[in-house]
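Chemist: My questions all concern the structure below.
Read the figures in this text as sums done on the coordinates, not as results from a lab. Given the structure is predicted, the values throughout are model-derived calculations rather than measurements. Please note: Cβ atoms are built from the backbone with ideal geometry, for glycine as well, and neighbour counts cover all protein chains shown.
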């Protein structure tokens, strides 16, 4: 991660090759008559296949940063580039395609559609890509089995524990083999044993699939697994740390 | 998205059922009100006999309220001359016979087959003043048959036969003019004159001559073709018909608003789910299709439920598909055209209501659908 990177045109010589790159990324929300600065001038670089952890207390801008990198929100100012795509210049339709083809999401809670089974939830990204439900379900079964959830495939989310739900969400996030997986407090609602299982799975998927993982958390224990650590306080970056 | 919609509905059957019933009630009202309007419209279109002119007291709405001067038949004969076949005074009453609304007509027996073109279906014509003939619809409604005794206005009459005539839409009892005069007394006299023209006579000219030539004493008289009288009689129901059509339109608007509210609630309830769908790669049109398919499925199910209920109600609730107004029957039926129009309007209203309600959800960013970030609008 290199906060001093001041442009997005090319990777600078001597710096690690970037997969995610932001420059002066700022997001301001309007709440009533007041402006809330959720993210202020965040400039960073995350290398391909990194296991990056965004640390910070609640309200520090972690989720906002993930939203902007994931293309589910747009910056007020600044730029985001992922895999060479300038997200802020993409149309809505292009952003839809970007999320569909490049990104997998894991949220903190209520990750899954309650009316669909675990298998159907996992199949969704493939259906979004145009695959038939039958094909998508077959692939989803393989994915769930790989994550140790094969016997829970027909269960609905309300019939699964928190840890199981997050494993299903993880399966859904990686089923289309995205190059970028964004996880927002993926262990926030889990007990420590379940959290460890989910984190182990994420680490192994990061190794096995080569996908870049960016994980927002307020849990400093995750720092030990990270190749990159980004600390946010009140929407601003603290001192960077790079472990490669 | 169809499969996603079906899975969603299947897993949420209770909400789906309540939505279907909620919309279905409105569609049911629409499917009943339109046939009612059409039936009321048809009420004034009874087929008449072009060679029969009915002379009735001017501005009288109910024929039984009309009173004809005793010497008017002579005036009619004098005006029409050899164009007239015969003129008959008619005693007309609407009354209840054994709980059935009945139009009673007292006319000279010799006119029944000529002027009024009655045809015997069973039995015989009356042989004396104690016998009557009943119309086919009255026989069906009252369950009466030849040989039965009917108590009419406190006096017993024997059914000599059952008859039918062209354009007959009323539950009718026929008795001779003398029998009717004996039954009701001379005070209210005759209500109508029916002038039966020669086939060679021009009915329009004859009618004009009657209107110009009839005396204008006691408020004057009107001359109608038989069907025109029925039409005028039916015009009294015009307000009811308009009200029925208006209520039908309100039902359609209510379907739109109901669908709007249902879709709005569904979208609000599923905001996070819609956000997840957007996040995992479904674009706006796909999410829009999901919500519209859902509304479409609810509206089609509502329509089928309402159609079935309306058919059952018309067949079982009203019985024999007939609606009786003042002793006159008119068909209450759900035609294929009404059914198709109902389906179209239900779907159109439902999809319009849904579209109006989901525009905001569709234009929202996935982040705001997921409820993420401290605010909801870009600074």
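Chemist: Can you tell me the 0 to 90 degree angle between the C-alpha axis of helix A:133-146 and the longest principal axis of chain A, rounded to 10?
Modeler: 80 degrees
Chemist: Computed FRET efficiency, Cβ-Cβ of residue A:223 and residue A:41, R0 22 Å: what is it to the nearest 0.05? Write down the numbers at each step before the final one.
Modeler: Numbers: r = 23 Å, r/R0 = 1.07.
So the FRET efficiency works out to roughly 0.40.
Chemist: Another question, if that's okay. Please report the relative contact order for the stretch A:64-167, taking Cα pairs under 8 Å with a sequence separation of at least 6, and give it as a percent rounded to a whole number. Show your work: numbers first, answer last.
Modeler: Values: 88 pairs, mean separation 22.6, N = 104.
Relative contact order, the stretch A:64-167: 22 percent.
Chemist: Between B:11, B:196, B:177, which gets the highest mean-square fluctuation from a Gaussian network model of chain B, Cα cutoff 10 Å?
Modeler: B:11
Chemist: Points 7 angstrom from Cα along the Cβ direction at residue B:362 and residue B:13: gap in nanometres?
Modeler: Result for the modelled spin labels: 3.1 nm.
Chemist: For residue B:140 and residue B:86, what is the calculated FRET efficiency with R₀ set at 30 Å and r taken between the beta-carbons, to the nearest 0.05? Before the final figure, lay out each step's value.
Modeler: On the way: r = 31 Å, r/R0 = 1.03.
Efficiency computed from Cβ-Cβ geometry: 0.45.
Chemist: On a full-extension model of 0.36 nm per residue, what is the gain between residue B:269 and residue B:119, subtracting their alpha-carbon distance, rounded to one decimal in nm? Mind dumping the intermediate values first?
Modeler: Numbers: separation 150, 0.36 × 150 = 54.00 nm, distance 6.76 nm.
Roughly 47.2 nm would be gained on extension.
Chemist: Between residue A:207 and residue A:154, what is the label-to-label distance in nm when each label sits 7 Å out along the Cα-to-Cβ direction?
Modeler: 3.5 nm
Chemist: Using only atoms on other chains, find how many Cβ atoms lie within 10 Å of each Cβ of peptide B:269-279 and report the average. Present the calculation step by step, with values, prior to reporting the outcome.
Modeler: Details: counts 0, 3, 0, 6, 6, 1, 4, 10, 4, 6, 15.
Mean number of neighbouring Cβ atoms from other chains: 5.
Chemist: By how many degrees, between 0 and 90 and to the nearest 10, does the Cα long axis of helix B:238-269 differ from the longest principal axis of chain B?
Modeler: 10 degrees
Chemist: Using only the alpha-carbon atoms of the stretch A:42-87 as identical scatterers, what base-10 log of I(q)/I(0) does the Debye formula give at q = 0.14 Å⁻¹?
Modeler: -0.35
Chemist: Angle between the Cα long axis of helix B:284-312 and the longest principal axis of chain B, 0 to 90 degrees, nearest 10?
Modeler: The angle comes out at about 30 degrees.
Chemist: If you don't mind, another one. When the helices in chain B are scored as -39500 (n - 2.57) per DSSP H run of 4 or longer and the sum is shared across all residues, what 222 nm value do you end up with, to the nearest 500 deg cm²/dmol?
Modeler: For chain B, the value works out to -16500 deg cm²/dmol.
Chemist: For the stretch A:128-244, what's the relative contact order in percent, using C-alpha pairs closer than 8 Å and at least 6 residues apart? Each step should come with its number before you reach the end.
Modeler: Values: 100 pairs, mean separation 21.9, N = 117.
Once divided by the residue count of the stretch A:128-244, the mean separation gives 19 percent.
Chemist: While we're looking at this one, here's another question. Percent relative contact order of chain A, based on C-alpha pairs within less than 8 angstrom and at least six residues apart?
Modeler: 27 percent
Chemist: Using packing as a proxy for protection, rank A:98-108, A:164-174 so that the peptide with the highest average count of other Cβ atoms within 10 Å comes first. Kindly include the intermediate steps, with their values, before the conclusion.
Modeler: On the way: A:98-108: 23.1, A:164-174: 26.3.
Taking the mean over residues of other Cβ atoms within 10 Å, the ranking is A:164-174, A:98-108.
Chemist: Less than 19 Å from a label point 7 Å out along the Cα-to-Cβ axis of residue B:62: which backbone N atoms in the stretch B:95-119 qualify, by residue?
Modeler: What the label zone holds, given the 19 Å backbone N cut-off, is B:95-106.
Chemist: Label-point separation (nm) for residue A:109 and residue B:243, each offset 7 Å from Cα along Cα-to-Cβ?
Modeler: Modelled inter-label distance: 5.5 nm.
Chemist: How far is the Cα center of the stretch B:179-215 from the Cα center of the stretch B:259-319, in Å?
Modeler: Cα centres, the stretch B:179-215 to the stretch B:259-319: 61 Å.
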